[in-house]
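Engineer: Let me begin by handing over the structure; questions about it come next.
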Amino acid sequence: MLYIIGLGLNDEKDISMKGLDALRQCDEVYCEMYTNKWSGSLKALEDATGKNIIIIEREKSESDFLVDRAQDCITGFLVPGDPFSATTHFEIFSECRRRGVHAEVIHSSSVFTAVACTGMDLYKFGRTTTLPKGFDPQSPYEMIKENKRSGLHTLVLMDTGMTAKEGIEVMVKHGAIQKDGMVVVCIRLGNPSQKIIYDSADNIIKDNIADVPCCIVVPGKLNEKEEEFLELWKR
């Protein structure tokens with residue numbers, strides 16, 4: 001048996017009661033921290049459930065390790081945000097199905113819904129893209145341009161530790177956005193200290209906005225209500 005459990009956006013208080021109950025049933029509990037920066041306390045979860053939580057690296061979670069363990073015992077796998085926000089975790093679920101191992105997903109809060117607090121209509125978002133560190137593919141910038149041509153907003157996720165300034169600089173460099181174009185920077189979504197900034201790309205770069213974790217929304221065609229709401233975050 002494998003439980004794939006979402007930790008939510010912020011800290012250990014975001015995990016659901018259902019998730020905590022599942023953890024208490026587990027013989028072994030593992031956790032990954034590579035898909036997102038999570039500010040919670042695993043020690044608090046260990047105290048609440050009486051379980052030892054072991055952090056595993058990407059290579060191990062993407063191997064057959066978790067499915068192999070789930071064949072022998074009740075195994076828990078903790079994931080920042082919502083489990084299926086990263087395709088890696090869907091592969092784990094699929095492998096369980098293929099091998100006849102029962103798997104249950106326990107969902108939690110995710111950037112894909114929390115971004116609605118910007119006031120932008122979730123139904124008007126196009127394909128999400130990610131800016132990676134260490135290499136520079138063209139596909140993210142083409143996706144942003146394609147969404148804009150269709151009047152759609154783009155949620156731009158960034159590698160762990162990547163700042164809004166870094167992300168916007170590279171988008172400007174590749175022509176995905178203009179320096180005088182408006183962007184929405186979302187910092188620490190779901191946290192009591194969350195911050196939303198609506199400003200020009202040039203101002204974000206000049207002000208060296210470097211708080212993490214963050215994501216960026218490149219607006220498409222805004223309706224009157226969206227424009228009205230975004231004014232709340234304008235500097």
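Engineer: Got a sec? How would Cys26, Cys73, Cys117 order by Cβ neighbour count within 10 Å, fewest to most?
Structural biologist: Cys73, Cys117, Cys26
Engineer: Rounded to whole Hz and in sequence order, give me ³J(HN,Hα) for segment 169-182 from the Karplus expression 6.51 cos²θ - 1.76 cosθ + 1.60, θ = phi - 60°, writing x for Gly and Pro.
Structural biologist: Taking θ as phi minus 60°, the curve returns 4, 6, 5, 5, 4, 8, x, 6, 9, 9, 4, 8, x, 8 Hz for segment 169-182.
Engineer: Out of the GluC sites (Glu not before Pro) in segment 137-189, which ones are loop residues according to DSSP with at most 10 other C-beta atoms within 10 Å? Please report the intermediate quantities before stating the final value.
Structural biologist: On the way: sites: Glu142, Glu146, Glu166, Glu169; in loops: none.
Hits after loop and neighbour filter: nothing returned.
Engineer: Classify segment 112-233 from the C-alpha gyration tensor, please: rounded if a/c falls under 1.5, else prolate or oblate depending on whether a/b exceeds b/c. Write out the running numbers ahead of the final one.
Structural biologist: Values: a/c = 1.40, a/b = 1.10, b/c = 1.26.
Rounded.
Engineer: Alpha carbon centre of segment 71-147 versus segment 181-212: separation in Å?
Structural biologist: 22 Å
Engineer: Find the relative contact order for the chain and round it to a whole percent, using C-alpha pairs within less than 8 Å whose residues are 6+ positions apart.
Structural biologist: Value for the chain: 20 percent.
Engineer: Let me ask something else about it. Using every pair of alpha-carbon atoms in segment 79-179, split the distances into 5 Å bins beginning at 0 and state the percent of pairs per bin, rounded to integers.
Structural biologist: 2, 11, 17, 19, 19, 14, 9, 6, 3, 1, 0
Engineer: Just to confirm a number: summing +1 for Lys and Arg and -1 for Asp and Glu over residues other than Lys13 whose beta-carbon lies under 14 angstrom from that of Lys13, what do you get? Before the final figure, lay out the partial values.
Structural biologist: Values: positive: Lys43; negative: Asp11, Glu12, Asp14, Asp47.
Around Lys13, the surrounding residues sum to -3.
Engineer: Could you give me the ³J(HN,Hα) list for segment 216-224, computed from phi with Karplus coefficients 6.51, -1.76, 1.60 and θ = phi - 60°, whole Hz, x at Gly and Pro?
Structural biologist: 10, 10, 9, x, x, 7, 8, 8, 4
Engineer: Evaluate the relative contact order of segment 1-117 (contact order divided by residue number), counting alpha-carbon pairs under 8 angstrom at least 6 apart; express in whole percent.
Structural biologist: Values: 211 pairs, mean separation 50.8, N = 117.
Over segment 1-117, the number comes to 43 percent.
Engineer: At 222 nm, what value in deg cm²/dmol follows for the chain if DSSP H runs of at least 4 each add -39500 (n - 2.57) and the sum is divided by all its residues, to the nearest 500? Numbers along the way, then the final one.
Structural biologist: Values: 10 runs with 80 residues, N = 235.
That comes out to -9000 deg cm²/dmol.
Engineer: How much space per residue, in cubic angstrom, does the convex hull of the C-alpha atoms of the chain take up?
Structural biologist: On the way: hull volume 30.3 nm³, N = 235.
Hull volume over Cα atoms, normalised by residue count, gives 129 Å³.
Engineer: Hey, another quick one. With a ≥ b ≥ c taken as the square roots of the eigenvalues of the C-alpha gyration tensor of segment 1-87, please select rounded if a/c is under 1.5 and otherwise prolate if a/b is larger than b/c or oblate if it is not?
Structural biologist: Verdict is oblate for segment 1-87.
Engineer: Considering amide H positions built from the backbone, and no H for Pro or chain starts, which residues 5 or more places from Cys31, or on another chain, come under 5 Å of its amide H?
Structural biologist: Those lying under 5 Å, H to H, from Cys31 are Ile54, Ile55, Ile56, Leu78.
Engineer: Further question: Using 0.36 nm per residue, how much length does the chain from Arg99 to Leu20 gain when fully extended, once their Cα-Cα distance is taken away? Present the calculation step by step, with values, prior to reporting the outcome.
Structural biologist: Details: separation 79, 0.36 × 79 = 28.44 nm, distance 2.61 nm.
Result: 25.8 nm gained on full extension.
Only the coordinates and a few stated rules stand behind these numbers; no lab work does. Computed from a predicted structure; not experimentally measured. Cβ coordinates were reconstructed from backbone atoms using ideal geometry, including for glycine residues, and neighbour counts include every protein chain displayed.
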